[in-house]
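Below: one structure, written as structure tokens.
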Amino acid sequence: MRVYWPTTLKGLARLAGSGELAAAPVTVHAVTPTLRDFYADADPRDLEEELEYVAMTDAAGESVRLLAGELAGEPAAVPRRVVLALDVPDDAVTSERRSWSAPERSRVLLGVPLRVEDLASVHVDDAEAEADVRAAVAALPAADGGDEDARFTVEACEGHDLLWYDAGELPLLLAAGG
């Protein structure tokens with residue numbers, strides 16, 4: 001099963017040399033029954049790809065939250081969302097019935113460690129997204145409090161597609177600093 005794990009460039013650099021990205025249990029995103037139900041009327045020809053994109057987008061939204069913690073302690077940190085796509089055994093994933101809202105609709109618990117050897121691809125914002133990501137981080141508290149304008153600012157990150165890197169390009173990506 002393909003899962004999507006939110007992280008940051010700093011978090012990725014810290015973990016990349018270890019072989020293990022995260023110990024079990026770890027929360028990731030995947031195509032869940034709830035997500036499938038939400039898109040029941042979608043065109044079946046493109047459904048799998050669309051569902052995987054939504055799960056990755058939900059993970060990217062969680063990456064913004066991780067960046068909020070990093071930027072609070074280090075304001076000069078690079079504000080780019082990072083999502084790792086990994087292939088794990090189907091039976092390692094526990095899915096609960098959750099709400100329709102993002103990111104709950106795709107959130108699952110993984111009962112095995114995330115390992116570099118399971119990495120399929122890395123998805124990272126380009127430099128053009130940094131201003132919108134930084135604005136999203138600043139707007140998170142107000143958005144969480146129900147402010148619609150702030151929520152719109154947070155969602156503006158979704159207007160930037162994440163760049164795709166093959167798993168083998170991870171060392172080059174880290175060496176280039178994103």
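Each value in this text was obtained by applying a stated rule to the coordinates, not by laboratory testing. If you're wondering where the values come from, they're calculated on a predicted model, not measured in any experiment. For neighbour counting, all protein chains shown are included, and Cβ atoms are generated from backbone atoms with ideal geometry for every residue, glycine included.
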Report summary line: In vacuo Debye sum over C-alpha of the chain, base-10 log of normalised intensity I(q)/I(0) at q = 0.13 Å⁻¹, listed in q order, is -0.64
Query - Point-to-point label distance, residue 90-residue 164, nm (Cα→Cβ direction, 7 Å offset) - result: 2.4 nm
Requested in this report: Starting from the Cα-Cα distance between residue 46 and residue 175, subtract it from 0.36 nm times their residue separation and give me the gain in nm to one decimal.
Outcome: 42.9 nm
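Using a cut-off of 11 Å between beta-carbons, work out the net charge of the residues near residue 68 (Lys and Arg +1, Asp and Glu -1, residue 68 not included). Present the calculation step by step, with values, prior to reporting the outcome.
Values: positive: 65, 134; negative: 62, 70, 144.
My count for the surroundings of residue 68 gives -1.
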